[in-house]
Amino acid sequence: MRAGQQSVLDHLAAGEDVDPREYYMRTICKFETADGKYDWLNQLLAAETSQRFPDRVVYDNHQII
């Protein structure tokens, strides 16, 4: 989910650097893997905060369950 004033979202869409305090960007993550080494991920539910930069998006995952 991404929310903010339309002018801020327009700057994001144009690939401009925007202060992350000016918009809200969140995601819920559920992981799935068949590799036993990472089976713990199958049980994990995470909330994710995101920050968009002109050349990348940075995601910070926070375990809920």
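Some observations on this one:
- Comparison of VAL18, VAL8 shows that the only residue that is at pLDDT below 95 and in contact with an Asp or Glu (Cβ under 8 Å, 6 or more places away or on another chain) is VAL8.
- Taking every residue in the range 11-36 that is more than 20 Å from ALA47 (Cβ to Cβ) and touching a residue at least 12 places away in the same chain (Cβ under 8 Å) and pairing it with any residue that is assigned to a loop (DSSP other than H, G, I, E, B) and not charged (D, E, K, R), at least 6 positions away or on another chain, the pairs with Cβ-Cβ distances below 7 Å are LEU12/VAL18; GLY15/PRO54; GLU16/PRO54; ASP17/PRO54.
The values are calculated or read from the model by the stated rules, or taken from the named source; none is laboratory data. Values in this document were obtained by computation on a predicted structure and should not be read as measured data. Virtual Cβ from ideal backbone geometry, glycine too; neighbours counted across all protein chains shown.
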